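Here's the structure, in structure tokens; my notes come after.
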Amino acid sequence: MKVGFIGLGHMGAGMAASLLKAGHQVTVYNRTRSKADEFVRRGATAASTISDACRGDGVITMLADDAAVETVVYGSAGVLASLRKGTIHISSSTISTTLSQRLSADHAAAGQRFVAAPVFGRPDVAAAGELFVVAAGARDAIDAANPLLDAVGKRTFFVGETPQAANLVKLSGNFLIACVIESLGEAMALVAKGGVDRHQYLDILTSTLFGAPAYKTYGKLIAEGTFEPAGFAAPLGFKDMRLAIAAAENLRVPLPLASLLHDRFVALLAQGGDKLDWSAIGGLAARDAGIDRGRSEG
Ligand SMILES: NC(=O)c1ccc[n+]([C@@H]2O[C@H](COP(=O)([O-])OP(=O)(O)OC[C@H]3O[C@@H](n4cnc5c(N)ncnc54)[C@H](OP(=O)(O)O)[C@@H]3O)[C@@H](O)[C@H]2O)c1
């Protein structure tokens, strides 16, 4: 397919590369233009404007947050003004359910199609084309988007025709991962202060009742205290806690743990953690326990 790709950050870079590898004709656009160069070397076309990235069968956006998506979509020569009728906008950024709903309505009013397709997996997983995609949108739009979603992910979960449902699933998933990070950080602080080796402890956990990828991936980062370079930056993790809380408020669902995690991110960022991976909230408990002062300071 002929597809535009907007947003060549940590995740977008791997996703655009996967699309090229799968044989799609990819036109890339990034606010910081230099990030497109490497993709041109790999066979992509560089767009000098957002409009130029919207001339194919569809466009995928993988941008930081709601504000970035709003700028790119609603700008005077943005995605909404540029896509041809019947073509698709696939939004893979982790954004609010309210923006997803608004995008869905505005694209429909413009005769365009919209698919929300946020993803699970970190940048290395994106680079390997092995993301898990959670997709929602009209059936015909999903069918049209499938060859592109297949290229970036190893499995796509279709969660219905209402796009924001996919964003809700993504936000709930990141809320759960953050719960794992915080609770692992607390448990590891406890055993480490008691003299148990963190790596051995993690091995015990992941070989017994906690063999899930979230425990393995984040347990390793916490045990090592390696929070730099960030694969998923702490300010974006903080954004997701805020978005999960906002979605929960709209639906009148109390999420007491999300409120706690929100404050853990405030503490991390207050201590200079902007450049750290979001898993650095898993290092706060050790610091609170008076250990690890020298490890991966923010
Ligand atoms: N990293 C992960 O592990 C992960 C996993 C799953 C989902 N996500 C989600 O995926 C999205 C992208 O994450 P990421 O880690 O790839 O972020 P990132 O590395 O910070 O990349 C953000 C991208 O958004 C662009 N951008 C930011 N503000 C913009 C604006 N106002 N106008 C136009 N472009 C703008 C950036 O352009 P510049 O290059 O010019 O800054 C860059 O291309 C986020 O919604 C995140 O929550 C991340």
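Computed values, structure above
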item: Region 205-249, residues that are among the small types (G, A, S) and within 16 Å of the ligand (Cβ to nearest atom); result: A214, A230, G231, A233, A234, G237, A244, A246, A247
item: Lone qualifier among I204, I142, I222 - being under 26 Å from D274 (Cα atoms) and among the β-branched types (V, I, T); result: I222
item: Pairs with Cβ under 8 Å, 6+ apart, first in region 3-22 and hydroxyl-bearing (S, T, Y), second open to solvent by less than 10 Å² (accessible area, probe 1.4 Å) and near the ligand (Cβ under 8 Å from one of its atoms); result: S18/A126
item: Residue in region 50-107 that is farthest from the ligand (Cβ to nearest atom), counting only those that are more than 19 Å from F158 (Cα to Cα) and hydroxyl-bearing (S, T, Y); result: T87
item: Whichever residue in region 108-144 is in contact (Cβ under 8 Å) with a residue 60 or more places away in the chain and in a strand (DSSP E or B) and, among such residues, is farthest from the ligand (Cβ to nearest atom); result: L131
item: Number of the condition not met by L103 [criteria: (1) part of a loop (DSSP other than H, G, I, E, B); (2) of a type outside the set (G, A, S); (3) in contact with a strand residue (DSSP E or B) (Cβ under 7 Å, 6 or more places away or on another chain)]; result: (1)
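The values are calculated or read from the model by the stated rules, or taken from the named source; none is laboratory data. Predicted model, so just to flag it, every value in this text is computed and none were measured. Cβ coordinates were reconstructed from backbone atoms using ideal geometry, including for glycine residues, and neighbour counts include every protein chain displayed. Quick note on the areas: whole protein, heavy atoms, side chains included, nothing else; ligands and nucleic acids left out. Shrake-Rupley method; radii C 1.70, N 1.55, O 1.52, S 1.80 Å.
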